[in-house]
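Trainee: This is the structure, below, for whatever I ask next.
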Amino acid sequence: MKKTLVAMMSALAMASTAVDAKDWDVVRLAVDVPYEPFEYKAPDGTLTGFEIDLGNAVCEEMKVKCEWVVQAWDGIIPGLLARKYDAIFSSMSINEERAKKVLFSEAYYNTPTGFFGPKASQVDPANPDTLKGLVVGAQRGTIQDTYATENYSKVAEIKRYTTGDDLINDLRGGRLDVVVLDYPVGMSTIIDVEGGDAYKVLGDNVQLGEGVGVAARKRDKDLIEMFNKALATVKSNGTYDKINDKYFDYSIKK
């Protein structure tokens, strides 16, 4: 009887392992578009950007086929848990709250958060009183949203947006006084576009979170291990630096 029980338990363990293990020939990567310069659509409609190039290089190193799935940010973790895709490769900052729901890779970049507003603005984000009565915009569900809420909601109105495009459009339309964004995104979509004539960086940047990582379901530890190995390789063999230099004039490597 004991032998039979042991055999049954062994068979169940093997079956469980077989279910958990997966042959990753194709990996579906979720991305929130647009989030320039990390991910956006070229004029011909193809996806491009720092993370698209990096993701493709990492998938090549992993010897898997990448399939990019466009997903709005506010539903990106629910979509992962619902198995609409296998991982999130979309500037997701690693933090304790998200780590309760998903499994993160090692961080692959870390950029500061910046504050942007009209050229004539006297706002200093380090002094919340200078935002009194103003409207501050942030993308919903981001660490910038959390930061703005925790630091400015008592003196300013926090307005949240589903997409970065809507956020920038409302700044240009005069419906926002300040926007809080990843610094490279703000530079690419606000300062570089306007030539610095209409808008400026407000005060000093702040460093939030532990860096950006790939996020997968908790059970897919093998997939995260693959990402960690591939990311380490592209960082060490110069591939990461070439992609970095294509989009930035400074290193964002973590």
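The values are calculated or read from the model by the stated rules, or taken from the named source; none is laboratory data. Keep in mind that what you see is a predicted model, and the values were worked out from it rather than measured. Backbone-built Cβ (ideal geometry, glycine too); neighbour counts: all protein chains shown. Side chains are part of the model used for accessible areas, which takes the heavy atoms of the whole protein and leaves out ligands, DNA and RNA. Shrake-Rupley method; radii C 1.70, N 1.55, O 1.52, S 1.80 Å.
Trainee: Taking 0.36 nm per residue of sequence separation and subtracting the Cα-Cα distance, how much length would be gained by fully extending the chain between Asp129 and Leu81, in nm to one decimal?
Mentor: Value of the extension gain: 13.2 nm.
Trainee: Which whole number of Å³ per residue matches the convex hull of the alpha-carbon atoms in the chain?
Mentor: 144 Å³
Trainee: In debye to the nearest 20, how big a dipole does the chain give about its Cα centre with +1 on each Lys and Arg Cβ and -1 on each Asp and Glu Cβ?
Mentor: Rounded to the nearest 20 debye, it is 1160 debye.
Trainee: Can I ask one more? As a check on your grasp of the helix formula, calculate [θ] at 222 nm for the chain: sum -39500 (n - 2.57) over DSSP H runs of n ≥ 4, divide by the residue count, round to the nearest 500.
Mentor: Roughly -10500 deg cm²/dmol at 222 nm, from the helical runs in the chain.
Trainee: Hey, another quick one. Residue by residue, what Karplus-based ³J(HN,Hα) values in Hz, rounded to whole numbers, does segment 135-148 have, using 6.51, -1.76 and 1.60 with θ = phi - 60° and x for Gly and Pro?
Mentor: Each residue of segment 135-148 in turn: 10, 10, x, 8, 7, 4, x, 8, 5, 5, 4, 4, 4, 5 Hz.
Trainee: Now a separate question. Name the most mobile residue of Val179, Val58, Val26, meaning the one with the largest mean-square fluctuation, in a Gaussian network model of the chain with Cα contacts below 10 Å.
Mentor: Maximum among the listed residues: Val26.
Trainee: If I compute solvent accessible area with a 1.4 Å probe over the protein chains, what percent of it on segment 31-90 is carbon and sulfur?
Mentor: Result for segment 31-90: 50 percent of the exposed heavy-atom area is carbon or sulfur.
Trainee: Still on this model: Per residue, how large is the accessible surface of the chain? Use a 1.4 angstrom probe and give square angstrom.
Mentor: Value returned for the chain: 50 Å² of accessible area per residue.
Trainee: I've got another one for you. Enumerate the amide H contacts of Asn95 below 5 Å, restricted to partners 5 or more residues apart or on another chain; note that Pro and chain-start residues carry no placed amide H.
Mentor: So Asn95 has HN proximity to no qualifying residue.
Trainee: May I pose another question? Leaving ligands, DNA and RNA out of it, report the carbon-plus-sulfur percent of the accessible area of segment 147-254 at a 1.4 Å probe.
Mentor: With neighbouring chains kept in place, the figure for segment 147-254 is 45 percent.
Trainee: Okay, moving on. Test of understanding: in a Gaussian network model of the chain with alpha carbons linked when under 10 Å, which of Ala87, Ala216, Ala120 would top the mean-square fluctuation ranking?
Mentor: Judging by the Gaussian network model, the answer is Ala120.
Trainee: Can I ask one more? Helix 221-236 sits at what angle to the longest principal axis of the chain, using alpha carbons and giving 0 to 90 degrees rounded to 10?
Mentor: Tilt relative to the chain: about 60 degrees.
Trainee: Can you compute 3J(HN,Hα) from phi for each residue in segment 79-96, using the Karplus curve 6.51 cos²θ - 1.76 cosθ + 1.60 with θ = phi - 60°, rounded to whole Hz and x for Gly and Pro?
Mentor: Along segment 79-96, the couplings run x, 5, 5, 8, 6, 6, 7, 9, 7, 10, 10, 8, 6, 8, 5, 7, 8, 5 Hz.
Trainee: Hey, which aspartates and glutamates would be in cross-link range of Lys229, C-alpha to C-alpha under 18 Å, not counting anything within fewer than 8 residues on its own chain?
Mentor: Hits, sequence-local ones excluded: Asp23, Asp25, Glu51, Asp53, Glu60, Glu61, Asp86, Glu106, Asp220, Asp241.
Trainee: Figure the gain on full extension for Ile158 and Thr46 (residue separation times 0.36 nm, minus the Cα-Cα span) and round it to one decimal in nm.
Mentor: That works out to 37.0 nm of additional length.
Trainee: Scan segment 82-191 for chymotrypsin sites (Phe, Trp or Tyr not before Pro) in coil per DSSP, keeping those whose Cβ has at most 14 other Cβ atoms within 10 Å, and list them by number.
Mentor: When the chymotrypsin sites (Phe, Trp or Tyr not before Pro) of segment 82-191 are filtered for loop state and at most 14 Cβ neighbours within 10 Å, nothing remains.
Trainee: Output wanted: per-residue J couplings in Hz (rounded whole) for segment 67-78, from phi through Karplus 6.51 cos²θ - 1.76 cosθ + 1.60, θ = phi - 60°, x for Gly and Pro.
Mentor: So the Karplus estimates, Gly and Pro as x, are 10, 8, 10, 7, 9, 4, 4, 5, x, 6, 6, x Hz.
Trainee: Cα gyration tensor of segment 57-162, axes a ≥ b ≥ c as square roots of the eigenvalues: rounded (a/c below 1.5), prolate (a/b > b/c) or oblate?
Mentor: prolate
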